[in-house]
Amino acid sequence: QVRLVESGGGLVQAGGSLRLSCAASGRTFSNYAVAWFRQAPGKEREFVAAITWSDNTLYAASVKGRFTISRDNARNTNYLQMNSLKPEDTAVYSCASKYGRWSVSGIEYDYWGQGTQVTVSS
């Protein structure tokens, strides 16, 4: 059974940093892309960042230059480093995985984690 487990969320002041982790188990994720999405209360889920198996990355305009996605294929783990956090970054962050190239559409992803809460205070 494939599992994605996020960790690293929490409460941070505006301008601070957090690093989210997403550990995958249950299969080898060769040639799988990984992405992070977020959903704030009362809002639709939105794409944040994605990375392919070969380390090609894509970022939402709202986080580009502040967030960095990376992966450690040997550990089946990917990371989202979030710097210069803003109150509008407050949301539940979820990682997801799909075969092949990344997509900004969540419906194209096959595997999802449960999510981790990130709260940024002003």
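Couple of notes before you dig in:
- Highest mobility in the GNM of the chain, judged by mean-square fluctuation with C-alpha springs under 10 Å and restricted to Thr77, Thr28, Thr68, is found for Thr28.
- Taking a ≥ b ≥ c as the square roots of the eigenvalues of the Cα gyration tensor, the stretch 66-107 is classed as oblate, since a/c reaches at least 1.5 and a/b does not exceed b/c.
- Shape category assigned to the chain from the gyration tensor of Cα positions, a/c cut at 1.5: prolate
- Prolate/oblate/rounded call for the stretch 1-40, Cα gyration tensor, a/c under 1.5 rounded: prolate
- The modelled label-to-label distance between Ile107 and Thr57, using points 7 Å beyond Cα along the C-beta direction, is 2.9 nm.
- Distance in nm between pseudo-label sites at Glu46 and Ser7 (7 Å out along the Cβ direction from Cα): 2.9
- Surrounding net charge for Thr68, when Lys and Arg each add one and Asp and Glu each subtract one, Cβ distance under 13 Å: +3
- Summing +1 for each Lys or Arg and -1 for each Asp or Glu among the other residues whose beta-carbon sits under 13 angstrom from that of Asn56 gives +1.
- Using a Gaussian network model of the chain in which every pair of alpha carbons under 10 angstrom is joined by a spring, one finds that among Ile69, Ile107, Ile51 the greatest mean-square fluctuation is at Ile107.
- All other residues whose Cβ lies under 11 angstrom from that of Ser21 are scored, Lys and Arg at +1 and Asp and Glu at -1, for a net of +1.
Read-outs throughout are calculated quantities, based only on the coordinates presented, and are distinct from any laboratory measurement. Fair warning: this is a prediction, and the values are worked out from it, not measured in the lab. Neighbour counts are summed over all protein chains in view; Cβ atoms, including those assigned to glycine, are modelled from backbone coordinates with ideal geometry.
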